Amino acid sequence: MVHEKIQSEIRKAKTLHAAHGSALALDPVILSLTDGYRRAIEKTGTSMSSMGVPAACTACVEKGSGSCCFQGIEEGYDHVLLLANLLLGCDLPDSAEVPDGCFFVGSKGCKLTARYYFCLHYFCPDLMQVLGKDRVQALLITLGEELSIGWQLEQAVRNRLAAIPQRR
Ligand code: SF4
């Protein structure tokens, strides 16, 4: 099945969230990192909007020039980053909406809040041209901050989960 792997990661993330989401959300370190991550994601979104990135990407999709969110790219997500999405209040789909597209893309764009390196760092040649070198550099700094705090949150979640005694 095409989506078997990502659906299994989603199920794992949802199971962990149901079992440990409340405890994780109350952990002071996780809470602080989640808040910081949310702020960093918002900062990236604001920077991208002010530079016209969403408008340029929407125009590209409407022209039918293709989409960067192609099928298979979702395989870069594991259950911990998906669990981070749930901790941020972002629900996860159970099925794909766009045939031949990424599992997480929908009619309004990406359904995830916490995204991995490739999704954030990919600038197609047209977008690079629209933005110019200086604005791409500025965006990469903002994205670096988001990825850094996201990575810290993932590590903290992994550590907390590893410390939970397993039931036999
Ligand atoms: S940005 Fe979202 S929809 Fe696009 S490839 Fe990444 S996860 Fe998929």
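FYI, it's all coordinate maths here, none of it is from the lab. In this text, all values refer to a predicted model and were calculated from it rather than measured experimentally. Glycine gets a Cβ as well: all are built from the backbone with ideal geometry, and neighbour counts include every protein chain shown.
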Proximal charge balance of Leu120 [Cβ under 12 Å; K/R count +1, D/E count -1]: -1
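Would you list the membrane-span-like helices of the chain, meaning whole DSSP H runs whose alpha-carbon atoms span at least 20 Å along their axis and whose mean Kyte-Doolittle value is at least -1.0? Write out the running numbers ahead of the final one.
Values: long enough: 4-26 (32 Å, -0.28); 28-50 (33 Å, -0.19); 133-163 (45 Å, -0.04).
For the chain, where a helix must reach 20 Å along its axis and average at least -1.0, the hits are 4-26, 28-50, 133-163.
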Mean Cα-pair separation over length for the chain, i.e. relative contact order, pairs under 8 Å, 6 or more apart, %: 32 percent
Cα gyration tensor, the chain - rounded (a/c under 1.5), prolate or oblate: oblate
DSSP-loop chymotrypsin sites (Phe, Trp or Tyr not before Pro) across region 64-165, with at most 13 other Cβ within 10 angstrom: Tyr122
Size of charge dipole - the chain - debye, nearest 20, with Cβ of Lys, Arg +1 and Asp, Glu -1, no other charges: 400 debye
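How do the peptides 9-22, 79-92 rank, highest first, by the average count of neighbouring beta carbon atoms within 10 Å per residue?
Ranked by mean Cβ neighbours within 10 Å, highest first: 79-92, 9-22.
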Proxy reagent accessibility, fewest Cβ within 10 Å first, across Glu146, Glu62: Glu62, Glu146
Summed side-chain charge close to Pro93 - residues other than Pro93 whose Cβ falls under 13 Å, Lys, Arg +1, Asp, Glu -1: -1
Estimated FRET transfer efficiency (Val29, Ile141; beta-carbon r; R0 25 Å; 0.05): 0.50
Distance between modelled label sites at Lys12 and Glu42, nm, 7 Å Cα→Cβ extension: 3.2 nm
Anisotropy class of region 27-105 from Cα gyration tensor, a/c 1.5 cut: oblate
Residue order, fewest to most beta carbons within 10 Å, for Thr113, Thr58: Thr58, Thr113
Cα gyration tensor shape for region 74-160, rounded if a/c is under 1.5, else prolate or oblate: oblate
Inter-centroid distance (Cα atoms) of region 1-40 relative to region 63-89, Å: 14 Å
